[in-house]
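Below is one structure, written out as structure tokens; comments come after it.
Bear in mind that the values in this text are calculations on the coordinates, not laboratory data. Source: prediction; values computed, not measured. Glycine also receives a Cβ, built like all others from the backbone with ideal geometry; neighbour counts cover every protein chain displayed.
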Amino acid sequence: MTVRGEVVLDVDGLSVGYVRRDGSINTVVDSVSFQLERGTILGLAGESGCGKSTTALAAISYRAPGSRILSGRSQLQGVDLLGLSTQRLRRIWGSKVAYVAQSAALALNPALTVGRQLSQPLAVHLGLHGSASRARQVELLESMGLPDPARALRRYPFQFSGGQQQRVALALALSCKPDVLILDEPTTGLDVTTQARITKLLRGLVTDFGLGCLYVSHDLALLATLADRLAVMYAGEIVEAGAAGAVVSKQRHPYTQALLAAVPSVRRPREVVGIPGRPPTSVVLDACAYAPRCRYVLPACRTGRVAMRDPGDGHAARCIRLEEIEKLPALGSELAAARPGRDVLLEVDGIVCAYTGAEGPAVNGVGFVVHGAERVGIVGESGSGKSTLLRAIAGLHRPQAGSIRLGGIELAPTAVKRPRSVRREIQLVFQNPDSSLNPRHTILDIVARPIRLFRDDVPRARERETVQELLDAVKLPSGLLYRYPAELSGGQRQRVALARAFSAKPSLLLCDEVTSALDVSVQATILELIAELSEQTQTAVVWVSHDLAVVRTIANRALVMRDGEVCEEGETDELFAAARHPYTRELLAAIPELLPA
Amino acid sequence: MTTTSDVVGLTTAEVVEEEGRPPAAWRAILASTEGRIGVGIGAAVLFVIIFGRFFTPYPPNAVGIGGATTGPSAAHLLGTDSLGRDTLSRLLVGGTHIIVIPLIAVSLAWLLGGTLGMLGAYRGGTVDAVIARGFDLVMSLPPLLIVLVAIAALGTSNLVLVLTIMVVYLPRMGRLVRGATQAVITNEYVAAAQARGERTRAILFREVLPNIMAPTAADFALRITYAVIFVATLNFLGLGVKPPNADWGVMVADGRGYINLAPLGTLAPAAAIALLSIALNLIADALTQHVTRGGREIVPL
Amino acid sequence: MRLRSARLRTIGRQLAAGLLTLFLISIVAFGMMSVRGPADIAHAKFGNQITTEQIDAFSKQYGLDKPVYVRYGKWLWNFAHGDMGNSYVTDVQVSTNVLPRFERTMILSFVALLIALPISVLIGVFQARRVGSLADLSLLSASVVVAALPEFVVGIGLLFVFAVELGWLPVDSATALTFASSFGEQAKAYVLPTATLVLAIVPYVARIARGSLREALGMPYTQAAALRGLPRRTVIWDHAMRNAGVPLVNAVAINIVYLLSGVIVVEWVFAFPGIGQGLVQATSTSDAFNVEAIALLMGAMFIVVSLAADFLVAYLNPRLKAAAAR
Ligand SMILES: Nc1ncnc2c1ncn2[C@@H]1O[C@H](COP(=O)(O)OP(=O)(O)OP(=O)(O)O)[C@@H](O)[C@H]1O
Ligand code: SF4
Ligand SMILES: [Mg+2]
């Protein structure tokens, strides 16, 4: 019965909006069409807010709170789901179409055992009870590769790791043998190695069960390796669609091209190119939505809506110049390498950090040096101790043992105890700009604070001027001095955090996952900026990240951490080209890659 | 409007058109219907409480001005009580106590409890454990019970009322501030301040306090309403204001004895208390709604 | 299993905490009531003319000449054995005054809870299901207004309407309870006090129920459950309510002591001869043994209610295992 290629879900002209507070409708998804075929995965890519999740939910006729499906059809084996009553939909959801949300930790009910959650759809849709139901539950968990299924049934979701939770969520989704599987960012937030295992399992399931699968993700590289077909969304429209390989190798839409140029790679050091500007917040119907940011824009692009066009090979794009775009060379060039000095700036030696109540130490005897103006990356999966190490250097976490020297001088374990000059020289930038900027302070207050504390060369009267210079240096538009952080975009907030760090004129910048909360195109602009500023001011950077490709892009030397210890260290070029430690190799192998080896 | 900054191609269109800083508390109150009604009623009742004393038709404590326990008449719009005192006059002066005592007691509780709570949450460790245990201990005692025992032991006076009510609310308000502070200090801007080497006082006042004001203000408003009810209740029970001073709670209690002869003697002060309390509650609720607003919308089923 | 033992441990801890609180109440009550010296007490009882010898004799008779801790120890020991002492204000045995009152108050409070809790939860669920609708908003406004009314105002209002104007129910519960013999007449005395308490409890609890269920209904796991095609009943009562239950019961537990304190006022309004009324009387006459005995009994009652809530939380919350393991 599993005929590969048979269309199981046919979505046509789907438009969705959200009701604004004043009652008007904000259309965020417009005329989206796609088909899901048995045994294949359709990847839906795009940046935050472009309407991926809205599309995925509307396609199975789920009306999210405040949303309105404005038009379109979504046919499951000849039945239009969008016209069905909730009653009838309930018979289809869970049995014919299954949905897996981004975070399994949130999508599994914390108050019910895994067994109880599994038993419910089995009873409702298949009429399985008692031992028959139990047998099926065990079988399901087994096929998802969960160890000791019988015991797992009695446990609660929070007693599993993140990867195991996602396996449980998959078991739930597949419990009633659906035809269609919709996944919304199912591996976002998981470690790369875990992600690799889950996607491998998924690939097998899709083939074995002949599922028509929609895989929503912001990660183009991941979709390029996993999906059969790929659709790229921008501002609520699909702007390019085709076979995954074709889309990735010869982009026909400038947005796809720019997006791919923004993705860093572990294969070679390449300059990532950001996309200036921001997408519109609702669909644009009277012009090409990408026109304000497009480098190939023509007057004709603004005269009317651009239609999806397929030159005849099943690879369509929404661009009037698609034939030309396709022939352009990929954006991006070789990255200018950092020029480290010869003097040792930071010396870390035998650092041990432990949290009370934790089993082992979070950081266990780590030592390394940073030279002046050098950019050192520290990579590792979650829980490897990289953030704790950084906090110890910053004087936010008191180490149990070890020493930290800056310019040859031993540093006190806590920041308050360190002399003012040391606190000035070491500056920190955090992961989440939402939480690193005080929402009750203006941008001026935020950036001026270190100047007031550390810069004797700036008299009070010149503070405002100095702040403005810094904001210019991080390329923020003028007029933001008296704004509050909530009024800025995520990327802009991260620039403010950078301005604050550079305002003290540091010699060492500690960066903790600075770009991981940002979209790739924004991440690229921030990476460009940090490279440029650290170069100009000869500031050394310690860059902590879980993302090897980002480290490859920004750092000239890297450390790989695992379970609180450094397992490999070297110049990035050598380290990534020829890793020696098996763990580093495992990490590298797990990373989805766009570029050929 | 999209002026391109000269440095790169970023435009001011990048700026999100969102509300920046949440509005001040009073503006949040006035923004909701509920809050506006509350402020309206509250202002009227407060006017009576503050200025009513200048408009009394008779001296409020003068006995035997009219006949004992009479119903409403032209001379005595709300009738008289069992001692022949004019109910309207007593009503006009009888609201001071139940608003002044709560204001003082709750403010003290807020200052002390808030300081302890903030300090405990920020310091953590033993300091926090001691403070939190202390709060728990006091909170495990039933409030009305503590106050009654205190009055039984020490007799009643304004000082005893203020102090015992403060003791009742201190841990409750302290706990809220402690929780709010705990949530705020996980933010990285606090870590950033610590890394700059800022002093504890600077961190608490500059970084933490502005961010816990909103929930704290809502809690403060709520506590005031509880305390007003509390004091009114004590007065009703005859454990607060001493005769012959007029007070709404006391009037309700006295009037209860002759409720079938002159119902207004008890119903009028009861209505006054109810209006004050409803007004305060509406204001507090508007503030609470404002603080807890947002949240996810419910899933359609 | 480990889960069960963790629960047992939590429950054990709460039981110990309850006993500790009771102990604390006894110390606070006894300590505070000892602030007044024997001379004050004697003067209050016999007037200001009595001589020093008479005061000495009085304090010997009641053991007031002994140090506080000795008196406290003796009192606690006797209390634990059912002897609550003699009031030195009324000279009546404390137990004959307090125990019948305690029984009536217990009946009153538990009947009120039994009626109020289910009603509140149902109202809360009704509202949470249609957040933002006219019905929800009207109920919300109504609850703000009703919650704002002090118990004695509500009580007086009910009294005026049902006892004075309509004459259906007794104005004075004490007379009804002491002199009326038939069960029906006795029961009538409970109606208005119970109704007042119920009106005090419902708006609070319904609000909390609405809030916590609303929160749970917005969670991703609720969406996930709906998207598995489960019946509405299962989604609301199994998926959402199980999660809403923990904060709900917790909040109720914290507020219940507050709300049940209302029983003191309610009894006073209706002249209902329970321990609340007894406490107010004893307070105004500074009747030490009666105040202490009632404080302890009321404390015990409140603690039993909070413990019941704690048991329920322990039963509802699987995370207690994680908490205990940490
Ligand atoms: N409940 C809602 N009410 C109003 N607008 C919404 C709502 N949910 C999403 N939107 C808007 O709809 C648009 C599309 O959102 P959607 O969540 O579908 O994007 P997405 O591509 O899934 O983003 P992400 O990658 O961040 O998950 C956005 O502009 C968003 O602001
Ligand atoms: S249609 Fe024009 S503006 Fe739009 S993407 Fe193509 S070239 Fe750029
Ligand atoms: Mg999404």
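Laid out as a table, the results:
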item	result
Isotropically averaged projected area of segment A:344-589, using the convex hull of Cα atoms (one quarter of hull area), nm²	13.4 nm²
Relative contact order computed over segment C:102-319 (Cα-Cα under 8 Å; 6+ residues apart), in percent	27 percent
Peptide-level mean, for C:73-86, of C-beta atoms on other protein chains within 10 Å	0
For C:286-293, mean number of other protein chain Cβ atoms within 10 Å	2
Compactness index (Cα Rg / 2.2 N^0.38 Å), segment C:2-80	1.71
Cross-link table A:Lys52/A:Lys96; B:Lys242/C:Lys74; C:Lys45/C:Lys66, entries beyond 25 Å C-alpha to C-alpha	B:Lys242/C:Lys74
Zero-based 5 Å bins, Cα pair distances in segment C:102-319, whole percents	1, 7, 13, 16, 16, 14, 11, 9, 6, 4, 2, 1, 0, 0
Peptide C:139-148 - average C-beta neighbours from other chains (10 Å radius)	5
Mean Cα-pair separation over length for segment B:128-214, i.e. relative contact order, pairs under 8 Å, 6 or more apart, %	28 percent
FRET efficiency, C:Ala135 to B:Leu77 (Cβ-Cβ, R0 45 Å, nearest 0.05)	0.70
Chymotrypsin sites (Phe, Trp or Tyr not before Pro) within segment C:16-75, DSSP loop, no more than 11 other Cβ atoms inside 10 Å	none
Degrees separating the helix A:162-174 axis from the principal Cα axis of chain A, which is the longest one	10 degrees
Relative exposure of A:Glu359, A:Glu513, judged by other C-beta atoms within 10 Å (fewest first)	A:Glu359, A:Glu513
Relative contact order (%) - chain A, alpha-carbon pairs under 8 angstrom, separation at least six	14 percent
Ranking of C:Lys45, C:Lys188 by count of other Cβ atoms within 10 Å, fewest first	C:Lys45, C:Lys188
Spin-label zone in segment A:404-441 - amide nitrogen under 20 Å from a point set 7 Å from the Cα of A:Arg21 along the C-beta vector	A:439-440
DSSP bridge orientation in chain A - percent antiparallel, rounded to nearest 5	55 percent
Order by protection proxy (mean Cβ within 10 Å, highest first), peptides A:315-326, A:174-185	A:174-185, A:315-326
Segment A:67-182: Rg to Rh, with Rh as the Kirkwood radius over Cα pairs	1.01
Rg/Rh (Cα only; Kirkwood hydrodynamic radius) as it applies to the protein assembly as shown	1.03
Sorted by Cβ neighbour density within 10 Å, fewest at the top, the residues A:Asp286, C:Asp83, A:Asp22	A:Asp22, A:Asp286, C:Asp83
Beta bridges per DSSP with both ends in the protein assembly as shown, % antiparallel, nearest 5	60 percent
Estimated FRET transfer efficiency when R0 is 45 angstrom, pair A:Glu139-A:Cys567 (beta carbons, to 0.05)	0.70
Highest average packing first - C:235-245, A:366-376, Cβ atoms within 10 Å	C:235-245, A:366-376
Using alpha-carbon coordinates, inclination of helix C:134-148 to the longest axis of chain C, degrees	10 degrees
Computed over chain B, Cα set: Rg, Dmax in Å	24.8, 88
R0 of 22 Å, Cβ-Cβ distance A:Asp228-A:Ala589: FRET efficiency to nearest 0.05	0.50
Estimated distance in nm for a label pair at C:Phe110 and C:Arg232, the labels positioned 7 Å out from Cα along Cα-to-Cβ	3.7 nm
Cα long-axis angle, helix B:209-236 against chain B (0 to 90 degrees, to the nearest 10)	10 degrees
